[in-house]
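First up is the structure itself, then whatever we jot down about it.
The values are calculated or read from the model by the stated rules, or taken from the named source; none is laboratory data. What you see is a predicted model, and the numbers here were worked out from it, not measured in a lab. Note that each Cβ is placed from the backbone with ideal geometry, even for glycine, and that neighbours are counted across all protein chains shown. Remember, those area values only see protein heavy atoms, side chains included, never the ligands or the DNA or RNA. Shrake-Rupley method; radii C 1.70, N 1.55, O 1.52, S 1.80 Å.
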Amino acid sequence: MPEYKSFPLPDTAEGLTEAEILSWHVQPGDTVTVNQIIVEIETAKAAVELPCPWAGVVTELHVQPGQTVDVGTPILTIDVDPGGAGKPAAASTNGSAPAEAEEEMKPLVGYGSKTVTAKRRSRNGPAVPATADAAAAQSTVGAAFERHQGPVPEEAAPVDPTPIVPDSPAGLIDLPGGYVPLAKPPVRKLAKDLGVDLRSLTGTGDSGVITRSDVERAASSPAEEGQVKAPVRGERRVPIKGVRKVTAQAMVASAFTAPHVTEFLTVDVTPMMELRAKLKNHPEFRNVKLTPLAFCAKAIAMAIKRTPEVNSSWDEAAQEIVYKDYVHLGIAAATPRGLIVPKIRDADTLSLRELADALELLTTTAREGKTPPSDMVNGTITITNVGVFGVDTGTPIINPGESAILAFGAIRDTPWVVDGDIKVRKVCQLALSFDHRLVDGQQGSEFLADVGALLADPALAITY
């Protein structure tokens, strides 16, 4: 007999309570092996790929892409003994994993046997509980009801999953307040973008379901004689979740907790750029992507030794200032999912070459959305490279738990006075925001001046 095991959503070692299903890499009927990637999820910190703990055949997916589920919620079921004689595992009545599966999954961080439910995020209201069996119906009936009638109350009776009411027009479902057209979510979005009223259409799909072709046909149909068809203009709404939600919360918390001070410095970095050009021909740097950001990272790591206050943190609970004897340098990175800040661990111990390699790996991983959550915690100071966007400077917001952040501006050819003469030089602007609880004006100014001096004349590094 087949033996079924349910795979619960694990805590990905970051203490989170929920995640969104981004995409499935398997479908019912697929054969899977141990450690095969089966699903990609997005937590509040990053996208994470989950491996399968068993070999077998996928029998059911309990949640759909776009759905947010709690840690511990079963997300798929696998037959681990297809065609075998093993005893089927008895599923518990609360929807959690079977006893055998629960015992095996205990090593997963954050897994427990608590009663959990899947949730869909409503655009207009709170999350609405949904069982795995009603997920398919909710994606059509529930979505239609929410768009036309508002969010479903938590205590409301479940909607009958049967989509067509016998006496209703084809392609409509009967809900409180009138008939609502039957159409899949992508078709509904297309209709909204094109300004097409689904209630005016007759669906040509199975059971009268409105299709993409029906919507496109209605959008391209000529206006009635004497009427001018107005151009379709709309707006796009995106749920606040994942990386964007956590970033917003962190920035608001930082801005209203730490008293920010920002200082600016304009620096002639011509000697740094000349050294960069020279090192590109050096055998040790020949195959290295040596960017100005690598020089800035090195300068920060060196300048911290003279002003350790910028590498400290404020412990409100203990009423202590915590000085760090290591530098975990955060690099703000723009990704398709939003702003993240992965860290270069022990940056103060790395050479210029090692920092350049670390930066290239960090940025490539971030752009691919593969940065692990463990790389985005416990930073001590951060660089935001606004210059890569052609921006001169800004007033960056300190990352929570840190005391300073440096904005590294664009390097431009600029008229500059050198020994009494005006010459064209490579010039950039630096902006340092610091927590005035931890860093006095003198300390912040000295640190910024040291970073600028090292960029203006890298030879000074030999004196540090």
**Q.** Options THR307, THR349: the member that is touching a helix residue (DSSP H, G or I) at 6+ places or on another chain (Cβ under 9 Å), more than 19 Å from SER374 (Cα to Cα) and surrounded by fewer than 17 Cβ atoms within 10 Å (Cβ to Cβ)
**A.** THR349
Q. Quick one: would you say VAL288 is surrounded by 15 or more Cβ atoms within 10 Å (Cβ to Cβ) and modelled with pLDDT under 95?
A. yes
Q) What is the residue count in region 244-290 for residues that are over 24 Å from the mean Cα position of the chain (by Cα) and of a type in the set (S, T, N, Q)? A) 5
**Q.** Hits in region 361-389 (condition: out of contact with any strand residue (DSSP E or B) (no Cβ under 8 Å at 6 or more places or on another chain), within 15 Å of LYS343 (Cβ to Cβ) and open to solvent by 60 Å² or more (accessible area, probe 1.4 Å))
**A.** LEU361, SER374
(Q) For the list (1) under 18 Å from VAL261 (Cβ atoms); (2) part of a loop (DSSP other than H, G, I, E, B), I need the number of the one condition that ASN378 fails. (A) (1)
Q: Out of the residues in region 16-32 that are closer than 10 Å to THR43 by Cβ and open to solvent by 30 Å² or more (accessible area, probe 1.4 Å), state the one that is modelled with the lowest pLDDT.
A: LEU16
(Q) Just to be sure I understand the filter: pairs with C-beta atoms under 7 Å, separated by 6 or more residues or on different chains, first member in region 389-405 and closer than 10 Å to VAL261 by Cα, second member among the aromatic types (Phe, Trp, Tyr) and open to solvent by less than 20 Å² (accessible area, probe 1.4 Å). Which pairs pass? (A) ALA404/PHE434
Q.
Which of the numbered conditions does SER312 fail, given that it passes all the others? Conditions: (1) closer than 25 Å to THR247 by Cβ; (2) open to solvent by less than 70 Å² (accessible area, probe 1.4 Å); (3) in contact (Cβ under 8 Å) with a residue 24 or more places away in the chain; (4) under 25 Å from the mean Cα position of the chain (by Cα).
A. (4)
Q: Residue by residue through region 338-349, note down the ones that are among the charged types (D, E, K, R) and touching an Asp or Glu at 6+ places or on another chain (Cβ under 7 Å).
A: LYS343
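Whether any residue in region 342-360 is more than 30 Å from LYS280 (Cβ to Cβ) and touching a residue at least 60 places away in the same chain (Cβ under 8 Å) is what I want to check.
Initially, region 342-360 is screened for residues more than 30 Å from LYS280 (Cβ to Cβ), giving none.
There is no residue in region 342-360 that is more than 30 Å from LYS280 (Cβ to Cβ) and touching a residue at least 60 places away in the same chain (Cβ under 8 Å).
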Q: Give me the pairs, please: first residue somewhere in region 431-450 and assigned to a loop (DSSP other than H, G, I, E, B), second residue anywhere and open to solvent by less than 20 Å² (accessible area, probe 1.4 Å) and modelled with pLDDT of 95 or more, beta-carbon distance under 6 Å, and either six or more positions apart or on two chains.
A: LEU438/SER312; LEU438/SER403; VAL439/VAL310; VAL439/SER403
